[in-house]
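**Student:** My structure is below; once you've seen it, I'll send some questions.
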Amino acid sequence: MLACAAVPAMLVAGCSSDSGDKDPKDDASKSATTSPSPTVAPAKFAKLPEVCKTLPKKMVGSLVPHAKDEKGKTLPSADINESASCLWSGLDGFQYRQLTVSLKLFPSDVGLGTGDKRAAAYAKQQVEKAGTADGAKGAKTGATSGIGDEAQTVATTTKKDGDEFKNETVVSRTANVVVTVEYRGAGYEDAKPPKPEDLAKGAQKATREAVLAVADANGAVAPDEGATSGDTGDGKTDDKADEKADEKADDAKNGDKADGGKGARPAGN
């Protein structure tokens, strides 16, 4: 009887011992399934605005007088939501002007990096390209503040069919979108070429407007929105708006002028 009773006990012990063994492969499998997947910060902007609608008609008329098409010509693109360009050109007497606005959007990618990082690298390439495009010589490059998160200007001179062209390119990055504006002009039949400083001002105004259009298309606020509070959209500033801003600044410094010029009123009065 004792021998018979011992047999079930040994079987139970054997089963208990087997159930305690662990397979290292099982632990490795569980670890693999629970490890976090690599992530990357999402991009700020998800889409581009209609490129030919980034600039107001008045601004186009001011920068490109007698443009062939005031609405602009959309240039070919494989995907207009990732890359888009619009061209305006016109001849006013013997003065030729050409304006191109290009937009490039970079989504965040786990393997390639954040949209901002990718856009910054592309912006650098665009600046380098502008300095040598069309056999340009004597490129002058400089940083410009108040346009997007960062901006660079490139001024060059090129020649075509015996005519001298003055070129101004502004490359601006706003988060994960790069805005490139190319503004060029020439004087035909011995007419004087445009002044580089005039082209620079026009290109910067167009770039600023395009940056705002990108933010507006995504329901966001552009970093430089305050810089255009007095811009009328035609390349000119609203004098009345500037005057009001100056008055507010004077009031902040000198106090309420209605108080006889004795300074700011005490709080609560």
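**Student:** Just wondering, is there one or more residues in the stretch 73-91 that are on the phi > 0 side of the Ramachandran plot and not basic (Lys, Arg)?
**Tutor:** No, every residue in the stretch 73-91 fails to be on the phi > 0 side of the Ramachandran plot and not basic (Lys, Arg).
**Student:** Would you be able to say whether some residue in the stretch 181-204 is of a type in the set (A, V, I, L, M, F, W, C), under 22 Å from LYS117 (Cβ atoms), touching a strand residue (DSSP E or B) at 6+ places or on another chain (Cβ under 6 Å) and surrounded by 23 or more Cβ atoms within 10 Å (Cβ to Cβ)?
**Tutor:** Checked the stretch 181-204: no residue is of a type in the set (A, V, I, L, M, F, W, C), under 22 Å from LYS117 (Cβ atoms), touching a strand residue (DSSP E or B) at 6+ places or on another chain (Cβ under 6 Å) and surrounded by 23 or more Cβ atoms within 10 Å (Cβ to Cβ).
**Student:** Go through the stretch 66-110 and count every residue that is surrounded by 20 or more Cβ atoms within 10 Å (Cβ to Cβ) and in contact with a His (Cβ under 7 Å, 6 or more places away or on another chain).
**Tutor:** Within the stretch 66-110, residues that are surrounded by 20 or more Cβ atoms within 10 Å (Cβ to Cβ) and in contact with a His (Cβ under 7 Å, 6 or more places away or on another chain) number 0.
**Student:** Would you check which residues across the stretch 68-81 are modelled with pLDDT of 95 or more and of a type outside the set (Lys, Arg) and list them?
**Tutor:** If the condition is that a residue be modelled with pLDDT of 95 or more and of a type outside the set (Lys, Arg), then GLY72, THR74, LEU75 are the ones that fit.
**Student:** While we're here: Failed condition for THR114, given (1) surrounded by 19 or more Cβ atoms within 10 Å (Cβ to Cβ); (2) of a type outside the set (D, E, K, R); (3) in contact with a Gly (Cβ under 7 Å, 6 or more places away or on another chain), with all others met?
**Tutor:** (3)
**Student:** Going by the structure shown, is THR54 under 22 Å from THR153 (Cα atoms), hydroxyl-bearing (Ser, Thr, Tyr) and open to solvent by 50 Å² or more (accessible area, probe 1.4 Å)?
**Tutor:** Answer is no for this residue.
**Student:** Looking at the stretch 100-195, what strands (runs of 3 or more DSSP E) fall wholly within it and have at least 2 residues that are modelled with pLDDT under 95 and β-branched (Val, Ile, Thr)?
**Tutor:** 150-160
The values are calculated or read from the model by the stated rules, or taken from the named source; none is laboratory data. None of the values given here were measured: they were computed from a predicted structure. Every residue, glycine as well, gets a Cβ built from its backbone with ideal geometry; the counts of neighbours run over all protein chains shown. The accessibility values were calculated without ligands, DNA or RNA, using every heavy atom of the protein model including side chains. Shrake-Rupley method; radii C 1.70, N 1.55, O 1.52, S 1.80 Å.
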